[in-house]
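Trainee: One structure, pasted below without further comment.
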Amino acid sequence: MTAIHILPATLMRGGTSKGLFFRADRLPAAPALRESLLIRAIGSPDPYGSQIDGLGTGISSTSKVVVLSRSERPGHDVDYLFGHVAIREALIDWSGNCGNLTAAVPLFALMEGLVARDDGPAEIRIWQANIGKTIIAGLDVRDGQPCWTGDCAIDGVAFPAAPIRLRFLDPAGGSAGRLFPTGRAIDTLRLPDGRAIEATLIDAGNPLVLIDAAALGLAGDETADRIDAATQAALEHLRAAGSVAMGLADSLEQASRQRPATPKIAFLSRARRPDCQLNARILSMGRLHHAFTGTGAIGLAAAAALPDTLASRLLDAPATPLCFSHAAGSQTLSAVVSRSGSDWRIDEVVMTRTARPLMRGELFIPLDY
């Protein structure tokens, strides 16, 4: 008979993503069993790509899990571990953070009693365990619980909610060890047909590959239906090549199979809207994101604030704050940068997101794959 596990979980929206949130102390201690349960809870592996037998929906922005615990690290309240669950394979990519779901972390921490705050404006200090970085979340508390209703609207989410202010402190180098893993602001990657494509390879928030949309014959304002299979394959090749160049994978195959979530790849162009400076589109797990990833926005804002990157070249000069258009609208965020000699540092990147709890209950999980 198939073993059935029953686990408490909360379904949360954070930014333009959704994910299942778990307390670490309510999960099995054995890593292999824990991972199998998390994969099956989402509904993977699913050869049909729909995740119909789990709580995922067959798209990358909802195929996500978060594990939270009280932090024993000085100066931090909670430890936050993020997993991006592959849809068709039995795989969780633990290599990076989700900037959007970060907004839901302080809500879950307060709801579960992992932290306590007096009523009024509050801050929660988060240790992002995937990349070893500190995030400070600001939100309002009422009766000891997070305030999540409000009138703050973000593009890509239909309904307003309370603002969550996120400060990503010193976000560079969490995965590759340095802001520009190759030591250069612009590198050259090659497609299988030999074409040379300029790219900025940056590690801020998560590793990110930035290219000029025009290099692939794109406008930078595409929707998912305008990205054909050949273009999608070219973008994945460049993403994998960037992963190898950054020292994150040993081969293109390893980058695609074992590290599908990071680095992300985004293509840029000058904005045609008067209220934005850049057009930007980003791929997540091989598909065009319906809006923009939170950590991709961090990397883009960092690149735009620094000289000689592909982003600042399109802007004609470094710029912060940055407003860019994405597939669902636009986003504005700020990067604070400083310089010591020839080395640049990203002191922090600040963005505002919204979040809310969607459902709390028990998951019934068969281990049958």
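Bear in mind these aren't lab numbers, they're just calculated from the coordinates by the rules spelled out. This one's a predicted model, so the numbers in the text were calculated from it and none came from an experiment. Positions of Cβ are backbone-derived with ideal geometry, glycine not excepted, and every protein chain shown enters the neighbour counts.
Trainee: Between D151 and R272, how many nm apart are label points set 7 Å from Cα along the C-beta direction?
Mentor: Once both label points are built, they end up 3.3 nm from each other.
Trainee: Right, another one. So what's the net charge close to L218: Lys and Arg +1, Asp and Glu -1, counting the other residues with Cβ under 11 Å from its Cβ? Spell out each step's value before the answer.
Mentor: Values: positive: R226, R281; negative: D212, D221, E222, D228.
Once positives and negatives cancel, what remains is -2.
Trainee: If you take every residue apart from M351 with its C-beta less than 13 Å away from the C-beta of M351, what net charge results, scoring Lys and Arg +1 and Asp and Glu -1? It would help to have the intermediate numbers written out before the result.
Mentor: Details: positive: R165, R167, R353; negative: D155, E348.
Neighbour charge sum, excluding M351 itself: +1.
Trainee: Based on the mean of other beta carbon atoms within 10 Å per residue, what is the order of 77-85, 20-28, 185-193, most packed first? Write out the running numbers ahead of the final one.
Mentor: Details: 77-85: 24.2, 20-28: 18.7, 185-193: 14.7.
Those peptides, ordered most packed to least, come out 77-85, 20-28, 185-193.
Trainee: Could you grab the relative contact order for the range 1-135? Cα pairs under 8 Å, six or more apart, rounded to a whole percent. Could the numbers behind the result be given before it?
Mentor: Working: 250 pairs, mean separation 30.8, N = 135.
Once normalised by length, the contact order is 23 percent.
Trainee: Considering Cα pairs under 8 angstrom that are at least six residues apart, work out the relative contact order of the chain and quote it in whole percent.
Mentor: 20
Trainee: Same structure again: Indicate, rounded to the nearest 5 percent, the antiparallel portion of the DSSP beta bridges found entirely in the range 1-99. Present the calculation step by step, with values, prior to reporting the outcome.
Mentor: Working: 14 of 18 bridges.
Of all bridge pairs located within the range 1-99, approximately 80 percent are antiparallel.
Trainee: Further, regarding this structure: Would you work out the charge dipole size for the chain about its Cα centre, treating the Cβ of every Lys and Arg as +1 and the Cβ of every Asp and Glu as -1, and quote it to the nearest 20 debye? All intermediate terms of the calculation are to be shown ahead of the outcome.
Mentor: Values: 36 positive and 38 negative charges, 16 e Å.
The calculated dipole for the chain is roughly 80 debye.
Trainee: Same structure again: If you build the convex hull over the alpha carbons only and average its shadow over all orientations, what do you get for the range 232-331? Give it in nm² to one decimal.
Mentor: Values: hull surface 25.0 nm².
With the hull built on Cα positions only, its mean projection is 6.2 nm².
Trainee: Report, in whole Å, the centroid distance computed from the Cα atoms of the range 187-233 and the range 139-168.
Mentor: First find each Cα centre; the distance between them is then 33 Å.
Trainee: Output the direction-averaged projected area (hull surface divided by four) of the convex hull of the alpha-carbon atoms of the range 125-274, in nm².
Mentor: 11.7
Trainee: Report, in whole Å, the centroid distance computed from the Cα atoms of the range 29-43 and the range 294-331.
Mentor: 36
Trainee: Can you tally the net charge around N206? Count Lys and Arg as +1, Asp and Glu as -1, for every other residue whose Cβ sits under 15 Å from the Cβ of N206. Mind dumping the intermediate values first?
Mentor: Values: positive: K64, K133, R178, R239, R259, K264; negative: D93, D170, D203.
It works out to a net charge of +3.
Trainee: Which whole-number percent gives the relative contact order of the range 185-351, counting Cα pairs below 8 Å spaced six or more residues apart?
Mentor: Numbers: 342 pairs, mean separation 34.4, N = 167.
Computed value for the range 185-351: 21 percent relative contact order.
Trainee: Still on this structure: Just to be sure I understand the rule: take each whole DSSP H helix in the chain, project its Cα atoms onto its long axis, keep it if the span is 20 Å or more and its mean Kyte-Doolittle hydropathy is at least 0.0. Which ones pass? Intermediate results must be reported in sequence, preceding the final value.
Mentor: Numbers: long enough: 229-245 (24 Å, 0.46).
Membrane-span-like by this criterion, though nothing is claimed about a membrane: 229-245.
Trainee: Ok, one more. When the helices in the chain are scored as -39500 (n - 2.57) per DSSP H run of 4 or longer and the sum is shared across all residues, what 222 nm value do you end up with, to the nearest 500 deg cm²/dmol?
Mentor: Numbers: 7 runs with 64 residues, N = 369.
That comes out to -5000 deg cm²/dmol.
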